[in-house]
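*Asks:* This is the structure I want to talk about, given as structure tokens.
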Amino acid sequence: MTTVFAALGVPIYSVGRSGGTELSPRALRSLGLVDTIGARDAGDLDVTIRGDERDPATGIVASDDVIATSVKIRGAVADLVASGSRPFLIGGCCTELVGALAGARDALGRVGLAYLDGHLDLYDGETSPTGEAADMPVSVALGFGPTAWSDAVGGASVRGEDVAILGYRDLEESHTYGVRHPDTVPGLKHRSNEAVRAAGPRSTGSEVAEALAATGPFWLHLDVDVLDEAVFPATDYLMPDGFTLDELAALIGPLASHPALAGASVGCYNPEKDPGERCGRRLVELLGAAVGG
């Protein structure tokens, strides 16, 4: 795989209004993320998510904008990969993953996914308690999400056996809403925050990277809420008992620096909740160190 990154901003916020994570690409650029990861700047996509109505057919808030955004991301990522670049999506929210994986699949064929998140994100349009698209990206990528959204990006982008969800800590809560249990997806690898700690974050990252690379290139997605709420409060869905910065650095390092990495994305940093930009600076440092191995 090429080692040249192309940083692409995806200024979206799945709650359907301005502000919040929509401001993240600009904020992280201003803090030096593009240079820190050694990327060329591919600019921002002209995308937005607006509206507070939950579509009765898909169950998604601002469904039309979500789908249109995913289609644009799909095309942009496919073009970047085809041109010899390795995309690095600066979100925005986890909604970006659906189009990103579809574009990687279009350009490369079979791809895997390492998903670092405090949530499983295996909801669909019926089980999601909020209707926010960011509840559902893994489901849609696997072909289980709202049909209209999945169809718009060419169906499933990944197979269960090519997916690893790491660091989640919402299994008990999400089950009260009827979320799809990860054990019901054949071959899907998943380790909660406690399981990652027990096995060792760096060992887990290395093991998952090698397992995914065995079948081809893989995508890496980081939702910053995989970090503990006290460590990284600049996100919308705060939870205790997340990773420390050192734990996340150990986990993500072997994944972000692996030769089979097809692309990466980061999401759910909310600059409006980061006075003084302390969290943003720490995130930029972490990503720079991870990409460098």
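The values are calculated or read from the model by the stated rules, or taken from the named source; none is laboratory data. Note that the structure is a prediction, hence the values are computed from the model and not measured. Don't worry about glycine lacking a Cβ; one is built from the backbone with ideal geometry, like all the others, and counts go over all protein chains shown. Note: accessible area is taken over every heavy atom of the protein model, side chains too, but ligands, DNA and RNA are not part of it. Shrake-Rupley method; radii C 1.70, N 1.55, O 1.52, S 1.80 Å.
*Asks:* Of the listed peptides 175-187, 44-56, what is their order by residue-averaged count of other C-beta atoms within 10 Å, with the highest listed first? Spell out each step's value before the answer.
*Replies:* On the way: 175-187: 13.7, 44-56: 15.8.
The packing order, highest mean first, is 44-56, 175-187.
*Asks:* Ok, one more. Mind sorting out which of (i) 19.6; (ii) 20.1; (iii) 18.2 is the real Kirkwood radius over Cα pairs in Å computed from the coordinates?
*Replies:* Computed from the coordinates, Kirkwood radius over Cα pairs in Å corresponds to (iii).
*Asks:* A follow-up question, please. If each DSSP helix of 4+ residues adds -39,500 (n - 2.57) and the sum is divided by the residues in the chain, what number results at 222 nm, nearest 500 deg cm²/dmol? Provide the component values of the computation, followed by the final result.
*Replies:* Details: 11 runs with 107 residues, N = 293.
Using -39500 (n - 2.57) per qualifying helix, the result is -10500 deg cm²/dmol.
*Asks:* Grab the alpha carbons of region 70-220, take their convex hull, and tell me the volume per residue in Å³. If you can, show how the numbers build up before the last one.
*Replies:* Values: hull volume 15.8 nm³, N = 151.
Residue-normalised Cα hull volume stands at 104 Å³.
*Asks:* What value does region 149-253 have for Rg/Rh, both radii from Cα atoms and Rh as Kirkwood defines it? Mind showing how you got there, number by number?
*Replies:* Numbers: Rg = 14.6 Å, Rh = 15.0 Å.
Taking Rh as the inverse mean 1/r over Cα pairs, Rg/Rh reads 0.97.
*Asks:* Among 205, 276, 20, which one moves the most in a GNM of the chain with springs linking Cα atoms closer than 10 Å?
*Replies:* 276
*Asks:* Per residue of region 174-180, in order, report the coupling 6.51 cos²θ - 1.76 cosθ + 1.60 (Karplus, θ = phi - 60°) as ³J(HN,Hα) in whole Hz, putting x for Gly and Pro.
*Replies:* 5, 5, 5, 9, x, 4, 5
*Asks:* What's the local net charge at residue 7, with K and R +1, D and E -1, over the other residues with C-beta under 9 Å away?
*Replies:* Around residue 7, the surrounding residues sum to +1.
*Asks:* Could you provide, to the nearest whole Å², the per residue accessible area of region 51-90 with probe 1.4 Å?
*Replies:* With the other protein chains kept in place, region 51-90 gives 42 Å² per residue.
*Asks:* Sorted by mean Cβ packing within 10 Å, highest first, what order do the peptides 188-198, 281-291 take?
*Replies:* 281-291, 188-198
*Asks:* Moving to a separate point now. Kindly identify region 191-293 as rounded, prolate or oblate by the Cα gyration tensor criterion: order the square roots of the eigenvalues as a ≥ b ≥ c, call it rounded if a/c is under 1.5, otherwise compare a/b with b/c, prolate if a/b is larger, else oblate.
*Replies:* The shape class here is prolate.
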